[in-house]
C-alpha cells in the first residue's frame, strides 16, 4: 500500500511551510505584445505613434529577456503631446459632469474585458497590480466626476496637467494621480506638474521661476518601519513581513523594528519561514556587488545574518537576508540598496519604537503589529507618516487620503482631499503667472543691505518711535541690535518709526521657541484652540483704536477705512476659531471588513512672509489658518508696512497663546526669506512677494523638502487677491494648505 505524502493540517501548522505557488501564465499578454510587433509607440491623440527621431529602448523582465521596445520621446513629441492635451481639455471640460462620469464608467467595462491581459503585462514588468483595485479606483473617481458640480461648486479646474513618474512607479499609483485630474474636468500636458518619484526635486529646481505649480507625491524607494510589539501575534506579523520584504517587488524599503522581549521568537520564526526560499534575481551583477558591500559593512558593524540559502558565488542573484542587530545609524538603514535585505533593529519601550519609526527622513508609511488597540492608535498618532497599517501592510483604497510627510512628498492623493490639488477657488486667480525664469545668482539673493538712514529730527522728544519684534512670547530687539527706518506713506517726508532689523539668528531663536511649544499646542483639543482664537479676537477688538491708528499712519488709509480693516480682522479671527472643531476628518466606509480613519494633522512650524496690502487683515487671516490647525508660525511683516503687525504684538502679549507659538520678525524681506528657506525645521513657507523670491524658494526648498504656497506681486496687487472679501473656498483652501493627512487602517478580520 502506498504511503500518502499529504500532510495533515496539524503538521502544516507545526512546520508553517508555504504551499506550492500557483503557476502563472502570460499567454494573453504575450499575444497582445505580438499583435503590436513587440514595439510600443507614444500614445498621442488616441493612437500609438512613433517618436520624432524613431529612437526606442528595450524593456526586460526579471530574467533579462526582452519583453518589448518602447519609444523614447523627444522635445518635439512633448510639444505635440501638449498641443493635443490643450485641445483635448477644451472638449473634455465642456462636457457635463454626467457625461464625464459615463466615460470613466465605460473604462470600468473595458478594464473588465481586458483585465487579464493588463494583469499579465504588469506581472511581466514585475509590478503586479490587482484588476479589482483598478476597477475600484475607476468607480470611485467616476462618482466624483458625477458629483463635482454638486459638492465642489466653488472650485475651478487648474487646467492642463503633466504627471511625471519613474519607471518603478506602479500602475495603481499612476492612475491615483491621473483619474482625479480627469474627474475634475481636465486633461494632461504641461501647466501643473505632479511628480511621483524621489528625484522630483530636480524638476522642481529646474522649473523654478516658470510659474508652474509643482507637487511631489509619495515616492518609490522610501524607508518605512515595520514595528512588532511584544503584544503582537508573532506568527501573523512574521508572515506579513516576509511578504512585504521578500515576496513582492519593493515599492518601499522596510526596516523591521522588534521589541527586545520577543526578538528571539521573531528571529526563530524568520529562520523557519526563510528555510526554503530561493535566491532573488537582481537587475545586474553591479547590484549584486552593492548588496554584497552593504552586507559586509553591516557585519563589520556587528550585524548577524539570517539567510534563506547559500550565497551564490556568481551571477546577479542574492538570497533573502535579515541583518540582525543593526544600529539606527547603520548605512543599510539610512541608505538601503536594492535587494532582498531586511535590517532588524530592537527597541525597549513604546516611546523608543516611535523614535525609531520617525528616524527616517521619509514619512510615507508604517506597519504596526499589536493586539493592544490603544497602543496601536497612540503609536499611529505619534508616527510622522502618511499611512499607518495596524496588523496589516500595503493596504490601499481610493477613498482614503495619502499624504507624504517629511521628504516623501508635498501633496495629498486619494479621497476627497486629493481632488483639491487639481482645483483652485473660483473666486481667485492662479497663484503664479506663467513666466520665464529670472536670471539670478541664488547665492547672492538676500545678501544686499540698504544704506542706513539717519533721522533728520534732532529733538529727542520728537524722535520717531522704536518698535520691538516678538520672539518666544517676549517683545525684544533683534539679535544684531540694529534697526531699520520705516518710511511714511509715499516713501518721503523723513522717518515714521524704527523697527528691528532681524536676521538669521532671530529666525533661529524663533524656530527654537516654536518647536518647543508646537507639539503641546497640536495636542490641545480643537475646542481649546478655538477658545484661544476667540480670546485673541476679543483682545484685538479691545485695542482696535490703537491698531486702526497704526494702519492710518502707516498706509495712509482714512480712519474709517482703517477701522473697517480692524473690524474685518476681528471677524476673520472668529471665523478661524469656528473652523477649529468643524473639519476633523473621520471614519470612512471600507469595501472590506475593518475600519479606516482619515486624520488632518498640523505641518509643524510654518514660515510666513506677509503681503503689503491690507497688512493687518492679511496677517490675521494667515495667522488664524496656521494656529487653528495646530501649527506654530514665524511671521515676517511687510517690509513696506510693518507697523500694524507690530502694533498687534500688544494683542499677542495679552493673549493666552503659549509663548513661542506666534513669532514676529521684522527686517529685510529677502534676507529673512533666505533664513526661513534654509532652516531645516520649518516645514512650510507661505510667501507673498517678488518673482525673484518665489523663484528662490522653488529652487532652494528641496532639501529638506518644504511645502510652498507662493503668491507673486502682480502689478502691486498681491496676485489680485482682495483680502477684504475672501470667499469661503479661499479660506478652505488656506485651511487645507495648513494640514497634512494621515490614514490609519484597522482590520477586523
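The values are calculated or read from the model by the stated rules, or taken from the named source; none is laboratory data. From a predicted model like this one, the values you see are computed outputs, not experimental measurements. Quick reminder, even Gly has a Cβ in these numbers, built from the backbone with ideal geometry, and neighbours come from all protein chains shown.
Here are some notes:
Each row is one residue, and each column tells you yes or no for (1) closer than 30 Å to residue 279 by Cα; (2) touching a residue at least 40 places away in the same chain (Cβ under 8 Å); (3) not in a helix (DSSP H, G or I).
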{"site": "29", "(1), (2), (3)": "yes, yes, no"}
{"site": "48", "(1), (2), (3)": "no, no, yes"}
{"site": "57", "(1), (2), (3)": "yes, no, yes"}
{"site": "68", "(1), (2), (3)": "yes, no, yes"}
{"site": "81", "(1), (2), (3)": "no, yes, no"}
{"site": "87", "(1), (2), (3)": "no, no, no"}
{"site": "99", "(1), (2), (3)": "no, no, no"}
{"site": "104", "(1), (2), (3)": "no, yes, no"}
{"site": "108", "(1), (2), (3)": "no, no, no"}
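- Residue within region 234-248 that is touching a strand residue (DSSP E or B) at 6+ places or on another chain (Cβ under 8 Å), in a loop (DSSP other than H, G, I, E, B) and either modelled with pLDDT of 85 or more or not assigned by TED's automatic domain parsing to the domain that holds residue 365 (or both) present: no
- Restricted to helices (runs of 4 or more DSSP H) entirely inside region 277-389, those with at least 2 residues that are farther than 27 Å from residue 125 by Cα and within 31 Å of the chain's Cα centre (by Cα) are 331-334, 350-357, 373-382.
- Residue in region 138-152 that is over 20 Å from residue 420 (Cβ atoms), in contact (Cβ under 8 Å) with a residue 12 or more places away in the chain and assigned to a helix (DSSP H, G or I) present: yes
- Some residue of region 495-513 being in contact (Cβ under 8 Å) with a residue 40 or more places away in the chain, farther than 24 Å from residue 447 by Cα and part of a helix (DSSP H, G or I): yes
- Matching residues in region 232-244 - criterion: being surrounded by 15 or more Cβ atoms within 10 Å (Cβ to Cβ) and over 22 Å from residue 405 (Cα atoms): 232, 234, 237, 238, 239, 240, 241, 242
- Remark: residue 209 falls outside the filter, which requires a residue to be surrounded by fewer than 17 Cβ atoms within 10 Å (Cβ to Cβ), part of a loop (DSSP other than H, G, I, E, B) and either over 30 Å from the mean Cα position of the chain (by Cα) or in contact (Cβ under 8 Å) with a residue 60 or more places away in the chain (or both).
- Odd one out for residue 557 among (1) free of Cβ contacts under 8 Å to residues at least 40 places away in the same chain; (2) in a helix (DSSP H, G or I); (3) surrounded by fewer than 23 Cβ atoms within 10 Å (Cβ to Cβ): (2)
- Flag if residue 222 is surrounded by fewer than 18 Cβ atoms within 10 Å (Cβ to Cβ) and touching a residue at least 24 places away in the same chain (Cβ under 8 Å): no
- Residue 258 vs. criteria modelled with pLDDT of 90 or more, crowded, with 23+ Cβ neighbours inside 10 Å and either more than 21 Å from the chain's Cα centre (by Cα) or over 28 Å from residue 432 (Cβ atoms) (or both): yes
- Residue count for region 394-405 satisfying the condition of being in contact with a helix residue (DSSP H, G or I) (Cβ under 7 Å, 6 or more places away or on another chain) and buried (at least 24 other Cβ atoms within 10 Å of the Cβ): 2.
- Filtered residues of region 576-608 (kept if in a helix (DSSP H, G or I) and buried (at least 17 other Cβ atoms within 10 Å of the Cβ)): 576, 577, 579
- Within region 344-380, the set of residues being farther than 18 Å from residue 254 by Cα and without any contact (Cβ under 8 Å) to a residue 40 or more places away in the chain comprises 349, 351, 374, 378.
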